[in-house]
Amino acid sequence: MGLNGLLDIELRVPEPAELVAFWERRGMTHHGDGVLGTADRPVQLRVLHGDYRHLSELHLSCESEADLADIRDRLAGLGAEASISDTRLTCTDPVLGHRVSIDVGAPPPLGPSQARATNLPGGFDRSNERADAVAETDPRAPRRLGHVVFGTPRFMDARAFYIDGLGFRISDQVLNGVATFARCETDHHNLLIHPGSVSHLNHYAMEVDDVDAVGKAGQAVLAERDDSSVVGVGRHNLGSNIFWYMTDPSGTMFEFFSDIDQIVDDEAWDRDHRRDDWEGSDGPAGFSVWGPKEPDRFFNQPDLPEIGAAREANGLGS
Ligand SMILES: [Fe+2]
């Protein structure tokens, strides 16, 4: 079966306490040492000090020890080394430079969804009551880390590592590999790799309950820093998720998202929906079906030259 979960990520930033406090204000719990999570998933983000903002570890899960051996063998075929100790494989992303660790296991299950009563034309399930989103006082906390996105000039090398090596399953691709959406769970994407001037973490994405939760959580961030919105609110074409992209206090982009496509039948998706030759800018694979459509700052983040210089200084190349 191979990979089955995105467990958590380790982020390195110059001011970790500031980032931890930011996510605590969003309703996450700090367990000490920069470890942030929620009731369902106590470990989702691990925030540590670094000289520049970057992702330092991607932590995944897979079904069995046999999967670890398969992954190690596939990586060896690509010239990448991996070591296995007990039920954990570790290796280094040859393009981005961060550690990848894979444990035998699975992400902790989420508690029941907290659907709100909704009134639709011809069918009411809320009468004589105000909407829950109006009545509740605090924005809802994120439920889980859903995906990460990497930009890199070496996107085909990165694609080979994640798809051919680690075994992420492709959901959709733009121009046969220029941008690759891939999954290790049932989400349409837990990973996206796209071209960029410098290898970097483009964003990490936190799933929330629904569009109201996206809007209210985003609004609360905006109230703290009025330049924190990057692009949103809208609904993506590929993945279908409702999105709002913002920057956290370290300058790293993150996403509040909801309602992403779920792929539970790989064969049916490949047969009926997957395309590898989507064109990128307009039409069905464009940035959004509604909402902003030309998100310049999404792909051209202002501190990329700084990240490039820090990577060079650390011997990581572009
Ligand atoms: Fe995203």
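Can you tell me which residue among E306, E294, E267 is free of Cβ contacts under 8 Å to residues at least 40 places away in the same chain and over 22 Å from the mean Cα position of the chain (by Cα)? Working first, answer last.
Values: E306 fails: free of Cβ contacts under 8 Å to residues at least 40 places away in the same chain; E294 fails: over 22 Å from the mean Cα position of the chain (by Cα).
Just a single option satisfies the conditions, and that option is E267.
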Output for region 187-221, where each listed residue is away from the ligand (no atom under 16 Å from the Cβ) and hydroxyl-bearing (S, T, Y): S197, S199
Out of G308, G291, G283, sole residue that is out of contact with any strand residue (DSSP E or B) (no Cβ under 7 Å at 6 or more places or on another chain) and at positive phi: G283
Test: residue in region 166-188 that is without any contact (Cβ under 8 Å) to a residue 24 or more places away in the chain and surrounded by 23 or more Cβ atoms within 10 Å (Cβ to Cβ): yes
Count - residues of region 181-222 that are farther than 26 Å from N300 by Cβ and among the small types (G, A, S): 2
Residue list for region 154-182, filter: farther than 19 Å from I263 by Cα and of a type in the set (D, E, K, R): R154, D157, R159, D164
The listed residue being under 26 Å from L166 (Cα atoms) and polar (S, T, N, Q), out of S113, S127, S101: S101
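Conditions tested, residue by residue: (1) closer than 20 Å to H203 by Cα; (2) surrounded by 19 or more Cβ atoms within 10 Å (Cβ to Cβ); (3) basic (K, R).
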site	(1), (2), (3)
E224	yes, no, no
V231	yes, yes, no
N237	yes, no, no
G251	yes, no, no
S258	yes, yes, no
E267	no, no, no
D277	no, no, no
G286	yes, no, no
G291	yes, no, no
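Return the residue satisfying two criteria in turn: it lies in region 192-207 and is within 24 Å of L19 (Cα to Cα) and touching a helix residue (DSSP H, G or I) at 6+ places or on another chain (Cβ under 6 Å), and of such residues it is surrounded by the most Cβ atoms within 10 Å (Cβ to Cβ).
Quick first cut of region 192-207, residues within 24 Å of L19 (Cα to Cα) only: 192, 198-207.
Narrowing further to those that are touching a helix residue (DSSP H, G or I) at 6+ places or on another chain (Cβ under 6 Å): 198, 200.
Values: V198: 21, H200: 26.
Step by step, filter region 192-207, then rank; the result is H200.
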Cβ pairs under 8 Å, 6+ apart, first in region 209-225 and without any contact (Cβ under 8 Å) to a residue 40 or more places away in the chain, second hydroxyl-bearing (S, T, Y): G218/S229; L222/S228; L222/S229; R225/T247
Within region 15-40, tally of residues that are among the β-branched types (V, I, T) and either under 18 Å from R225 (Cβ atoms) or part of a loop (DSSP other than H, G, I, E, B) (or both): 2
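Based on what the data block shows, is L7 surrounded by 19 or more Cβ atoms within 10 Å (Cβ to Cβ), modelled with pLDDT of 95 or more and touching a Ser or Thr at 6+ places or on another chain (Cβ under 7 Å)?
Yes.
The values are calculated or read from the model by the stated rules, or taken from the named source; none is laboratory data. These numbers were taken from a predicted model, which means no experiment stands behind them. Heads up, the Cβs are rebuilt from the backbone with ideal geometry, glycines too, and the neighbour counts pull from every protein chain shown.
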